[in-house]
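Notes to accompany the following structure.
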Amino acid sequence: MIAGPPGSMKTILALNIVKQMGTDVPTLYHSSDSDDFTMASRSLSMLTGETTDDAELMVMAQRKAAYEALRAMEHVRWSFKSSPTFDHMQAEADAFREIKGEYPYHTVIDIMMDIDYDGVGEQNYWGLMAELKVMARDQQTAITVVHHTSESTKGGSPPPRSAIMGKANQLPALILTLWGDSHTGKLDIATVKNRFGPQDAMGKNFFSMKADPSICLIEEATEDSWENVSILFRDGTSVPAEEKINPIDWGED
């Protein structure tokens, strides 16, 4: 789960994660919060370094350069239903399997509050999270959920786990909370739940990444010391073998 208050770069982080996973990870992306034009423009900006304003113009003009650049995301199939039901998401996954021969390796749900499901209107996500857990097991897909935190928590740093809205923090194996600052070009990320490694439920221990929302870019921080430097993008299929850092082994030395 990726969670944070409005404007904390949740979708931008999700897009960058999908990009970093690379074409070897077939992905189904449910984008209920943003339409196809917005996501095409954001993806183009992320891939080319063009500002989102210029990327929007390129998409509207249907320029060949935009089409060629977006081919880097051809491993992603998109669903833009604004209020999807659980049955709709299952049907999209079945259609993915029909076309590709297997279920997606990675499924992104952006954003959870838009799902049409009993209890969501009252901000009770327990039943939905249980259904998503079953979906992940049945389809053997890794599910990334984008979600909100309460705006009543103090700003300036990633929210604590208790700020996750609607009983949605019991089942995810990993929860990251975000605090983005476009003025300083920094995205702070806290691991408030981690079933297989270190965690800080209060969100006081966090790492920072460089962030430029104007071009939808998030990347590793560059510092003289490795202390507090993110390793979020230093593992996975898109990272060259000689540059990999296995998070499980991180810190042994």
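The values are calculated or read from the model by the stated rules, or taken from the named source; none is laboratory data. Nothing here was measured: the structure is a model prediction, and the numbers come from that model. Ideal geometry is used to build each Cβ from the backbone, glycine not excepted, and the neighbour counts take in all protein chains shown.
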> Any idea which of Asp138, Asp118 is surrounded by fewer than 17 Cβ atoms within 10 Å (Cβ to Cβ), in a helix (DSSP H, G or I) and without any contact (Cβ under 8 Å) to a residue 24 or more places away in the chain?
Replying inline: Asp138
>> Quick check on this structure: which one of Phe196, Phe207 is in contact with a strand residue (DSSP E or B) (Cβ under 9 Å, 6 or more places away or on another chain) and assigned to a strand (DSSP E or B)?
In response: Phe207
> Taking the stated definitions as given, is Met58 in contact with a strand residue (DSSP E or B) (Cβ under 9 Å, 6 or more places away or on another chain), assigned to a helix (DSSP H, G or I) and either in contact (Cβ under 8 Å) with a residue 40 or more places away in the chain or farther than 30 Å from Lys167 by Cα (or both)?
Replying inline: no
>> Please determine whether any residue of region 194-201 is loosely packed, with under 15 Cβ neighbours inside 10 Å, farther than 28 Å from His88 by Cβ and charged (D, E, K, R).
In response: yes
> Taking region 33-45 as the search range and keeping residues that are assigned to a loop (DSSP other than H, G, I, E, B) and either crowded, with 21+ Cβ neighbours inside 10 Å or of a type in the set (D, E, K, R) (or both), which one is modelled with the highest pLDDT?
Replying inline: Asp35
>> Return the residues of region 46-88 that are surrounded by 14 or more Cβ atoms within 10 Å (Cβ to Cβ) and hydroxyl-bearing (Ser, Thr, Tyr); say none if nothing qualifies.
In response: Thr48, Thr51, Thr52, Ser79
> Take the residues of region 177-193 that are out of contact with any Phe, Trp or Tyr (no Cβ under 8 Å at 6 or more places or on another chain) and of a type in the set (A, V, I, L, M): which is surrounded by the fewest Cβ atoms within 10 Å (Cβ to Cβ)?
Replying inline: Leu178
>> Would you confirm, using the coordinates I've provided, whether Asp94 is touching a residue at least 60 places away in the same chain (Cβ under 8 Å), out of contact with any Phe, Trp or Tyr (no Cβ under 6 Å at 6 or more places or on another chain), within 28 Å of Pro26 (Cα to Cα) and surrounded by fewer than 21 Cβ atoms within 10 Å (Cβ to Cβ)?
In response: no
>> Tell me the residue from Asp212, Asp235 that is surrounded by 15 or more Cβ atoms within 10 Å (Cβ to Cβ), within 17 Å of the chain's Cα centre (by Cα) and at pLDDT below 85, please.
In response: Asp235
> Are any of the residues in region 10-23 buried (at least 18 other Cβ atoms within 10 Å of the Cβ) and either assigned to a loop (DSSP other than H, G, I, E, B) or more than 13 Å from the chain's Cα centre (by Cα) (or both)?
Replying inline: no
>> Name the residue that is farthest from the chain's Cα centre (by Cα), counting only residues in region 61-90 that are under 22 Å from Trp126 (Cα atoms) and either assigned to a helix (DSSP H, G or I) or hydrophobic (A, V, I, L, M, F, W, C) (or both).
In response: Asp87
